[in-house]
Amino acid sequence: MLIKNGYFGDFGGRFIPETLMNAVIELEKAYNHYKNDPEFVSELNSLLANYAGRPSILYYAEKMTRDLGGAKIYLKREDLNHTGSHKINNVLGQVLLAKKMGKTRVIAETGAGQHGVATATAAALMGMECVVFMGREDTVRQALNVYRMELLGAKVIAVDSGTATLKDAVNAAMREWAARIDDTHYCLGSVMGPHPFPTIVRDFQAVIGREIKEELQAIEGRLPDTVIACVGGGSNAIGSFYEFIGDKEVSLIGCEAAGKGIDTPQNAATIANGRTGVFHGMKSIFCQDAYGQIAPVYSISAGLDYPGIGPEHADLFKQGRAEYVPVTDEQAVDAFEYLSRTEGIIPAIESAHAIAYAMEYAKTLAKEKIIVVTVSGRGDKDVAAIARYRGLDIHE
Ligand SMILES: *Cc1c(COP(=O)(O)O)cnc(C)c1O
């Protein structure tokens with residue numbers, strides 16, 4: 001993807017107050033230097049291997065494949081990473097970069113708590129102070145993750161503005177960064193925000209797709225026909241897709257949260273319902289009301305409950321290189337239960353959106369086709385919420 005002035009085609013850029021300009025320019029310069037620094041690259045690779053547990057397994061889901069009767073299904077097991085999701089890939093990269101830049105403090109936003117936990121983990125490992133902003137709604141939905149971050153030595157600040165969810169946590173973190181750029185790095189959790197964040201986060205997550213390509217080559221001797229991943233801001237999806245963008249025969253499918261349905265007010269399906277706009281420092285596609293204000297969004301999954309999509313996805317969509325499909329809460333919960341029963345793998349409810357679409361899609365393909373689905377995280381954090389969704393009275 002040719003990136004010019006921080007744009008992916010028409011999308012991206014840097015729409016920020018002047019107070020943040022120095023911080024993003026300093027970050028861009030540092031990143032451009034360290035990404036080619038052999039010592040940085042080898043330190044990061046060593047952290048990914050010896051701390052995060054990479055490479056993650058590419059698992060042939062044989063029972064699921066047989067049961068559905070269509071394409072062969074492989075699962076990319078990001079749920080097996082340390083801290084239980086793909087988030088650690090980006091966080092190890094950014095916290096290491098911050099340390100090289102001489103910063104002593106990292107801040108982060110978090111939705112489900114996964115990115116906050118991953119950032120707190122990397123900060124503990126590398127001896128950095130850590131503050132995490134989290135919408136108050138999410139601190140209630142994911143109370144255990146709040147305690148987890150505190151255990152790891154981070155301070156969690158509950159954000160009450162707006163809908164008190166992920167987008168408000170991002171606003172709060174950006175404000176804090178502008179106020180304290182000298183010693184603080186803002187460790188953004190997805191492929192969003194002002195340039196250079198969408199590029200930095202994509203590069204740190206691209207390890208997912210590189211491994212998929214290598215692992216599938218070793219097992220099957222060929223490329224997959226389709227790669228499927230869930231999309232919140234879009235980091236696990238772009239991480240899975242990036243290596244294959246030039247391989248035109250590989251279809252790329254992102255699964256967005258349709259909540260209670262794309263025809264109801266309660267969804268977070270940006271591509272299905274959104275329009276072009278500017279928010280959180282980037283030009284991209286967002287769920288908006290008639291006046292262009294960011295619309296309240298909803299999903300059973302805190303990690304997909306974001307009203308926009310990263311600019312590189314907006315461009316892949318516009319070019320027709322990737323396709324984006326909506327998946328409802330109900331379909332995701334069914335898939336959550338199905339994968340648990342069928343393969344003994346409890347996926348994150350975010351990842352279950354990708355599993356749900358793969359279940360339908362695999363049936364439409366011939367047996368010699370190959371689908372890779374990224375399991376972006378593990379579902380332990382969601383078990384109590386799913387039980388409640390099913391009407392069970394479970395105490396956490
Ligand atoms: C945060 C999260 C997501 C959504 O974020 P992306 O940037 O779209 O990947 C998906 N799955 C899990 C497990 C997460 O923690």
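Only the coordinates and a few stated rules stand behind these numbers; no lab work does. Just so it is clear, the structure is predicted and the values come from calculations on it, not from any experiment. All Cβ positions, even for glycine, are placed from backbone atoms using ideal geometry, and neighbour counts span all protein chains on display.
Quick one: among Ser299, Ser161, Ser85, which has the greatest mean-square fluctuation in a GNM of the chain with alpha-carbon springs under 10 angstrom?
Evaluated over the chain, the most mobile residue of the options is Ser161.
Nearest 500 deg cm²/dmol is fine: what mean residue ellipticity at 222 nm does the chain get from its DSSP H runs of n ≥ 4 alone, each adding -39,500 (n - 2.57), divided by its residue count?
Taking each H run of at least 4 residues, the total per residue is -13000 deg cm²/dmol.
Restricting attention to the range 249-327, which GluC sites (Glu not before Pro) occupy a DSSP loop and are surrounded by at most 12 other Cβ atoms within 10 Å?
Answer by residue number: Glu249.
Tally Lys/Arg at +1 and Asp/Glu at -1 over every other residue whose Cβ is under 10 Å from the Cβ of Val117; what's the total?
Here the charged neighbours net out to +3.
Compute, for the range 181-258, the length of the dipole vector about the Cα centre, with Cβ point charges of +1 (Lys, Arg) and -1 (Asp, Glu) only. Units Debye, rounded to 20.
160 debye
Take peptides 87-94, 21-28, 110-117 and line them up by average Cβ neighbours within 10 Å, highest first, as a rough protection proxy.
110-117, 87-94, 21-28
Mind sorting Asp182, Asp79 by how few other Cβ atoms lie within 10 Å of their own Cβ, fewest first?
Going from least to most buried by this count: Asp182, Asp79.
As an exercise, find the ratio Rg/Rh for the chain from alpha-carbon atoms, using the Kirkwood inverse-distance average for Rh.
0.94
Rounded to the nearest 0.05, what FRET efficiency do Lys260 and Thr364 give with R0 = 25 Å and r taken as the Cβ-Cβ distance? Could you check?
0.50
When the label point is put 7 Å from the Cα of Arg275 along its Cα-to-beta-carbon vector, which residues of the range 309-353 have a backbone N closer than 17 Å?
Counting only backbone N, you get 309.
Which value, in debye to the nearest 20, gives the size of the charge dipole of the range 216-267 about its Cα centre, when Lys and Arg are +1 and Asp and Glu are -1 at the Cβ?
120 debye
Quick check on packing: order 29-39, 99-109 by the mean number of other C-beta atoms within 10 Å, highest mean leading.
99-109, 29-39
Run the quick spin-label model on Glu62 and Arg105: label points 7 Å from Cα toward the beta carbon, then report their separation in nm to one decimal.
The two pseudo-label positions are separated by 5.4 nm.
Step through the table entries Lys260/Lys363; Lys100/Lys318; Lys87/Lys167, compare each Cα-Cα distance with 28 Å, and write down the pairs that go over it.
Exceeds cut-off: Lys100/Lys318.
In which sequence would Thr83, Thr19 go, from the one with the fewest C-beta neighbours within 10 Å to the one with the most?
Thr19, Thr83
For each of Ser240, Ser340, count neighbouring Cβ atoms within 10 Å of the residue's Cβ, then give the residues from fewest to most.
Listed from fewest to most nearby Cβ atoms, that is Ser340, Ser240.
Quickly work out the Ser46-to-Met21 label distance, labels modelled 7 Å from Cα along the C-beta direction, and quote it in nm with one decimal.
For the pair Met21/Ser46, the computed spacing is 4.0 nm.
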